[in-house]
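What follows is calculated from the coordinates using simple rules that are stated; it is not laboratory data. The structure displayed is predicted, hence computed values, not measured ones. Glycine gets a Cβ as well: all are built from the backbone with ideal geometry, and neighbour counts include every protein chain shown.
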């Protein structure tokens, strides 16, 4: 039997161990959730924004940029106007009362959430079409060539979300893709697929199944990897699949706000840093088209869009970062 001294020593060690594990849990929990307790979930719409290391700065930049253009497109946000008209204390009490009555958070036009992946932030949108807003921003940047951000890399609208399992994706996309591809509508297209922190999907299978769906909706829909009319963006993060169909993906440099403000003449110099040097092949291996050093550092094998018919299997199957 252990003596009193040994028992006391054992219990001290146990207590210290408990304290250490509690500290680790609290620290880890706090660091993970600096943006708040909400994170990207199925059913949300918004914008995925990729950055290079500095997520806090990226979030601030994104909210400013989106706010600036949203005000131009839709007018100032009503929530702000109402708050300015009232005394601050009165407005605060009124907001608290509304929150308690509804049991939900007040719906702002933009809300930054945890995306579930490093170097990616998710801005949830309310009462605004994210695809139109992002296209409007890129169109303006492309025309004016004014650089308006330092750390934002790409802005990808998310107009639909579903569970990131192949059967769920196929079921959801059957209806989701109809407005663009169902007879009488048809278009040339490509599929840009990327997965982060998710290894259960085989990218070639996903691409083939989506291409099969598009073909069923209208046999006239054809794959075009050089200059497609539409790009189906499929971004998987953990258990959520984020989707959108966008125009001018090639013209606006894969929706990269850093690249889109550069002069068109210098495009070959910018885009031929890696192995794929001929411009006609850029759609075959899109990561070559984004050889910008910042992008490479921030998102290793970003956005592989390949021919669904060939089912090319380049190595970046998206098994997480």
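What the table shows:
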item	result
Coarse-grained scattering of the stretch 147-241 at q = 0.12, 0.21, 0.24 Å⁻¹, given as base-10 log I(q)/I(0) from a Debye sum over alpha-carbon atoms	-0.41, -1.09, -1.31
Two-site FRET efficiency, residue 166 against residue 127, from Cβ-Cβ distance with R₀ of 35 Å, rounded to 0.05	0.65
Residues 209, 115, sorted so that the one with the fewest Cβ neighbours within 10 Å comes first	209, 115
Order of 155, 169, 53 - criterion: other Cβ atoms within 10 Å of each residue's Cβ, fewest first	53, 169, 155
Extension reserve of the residue 227-residue 175 stretch, reckoned as 0.36 nm per residue once the Cα distance is removed	16.2 nm
Pairwise label distance in nanometres, residue 118 with residue 183, each label 7 Å out on the Cα-Cβ vector	4.9 nm
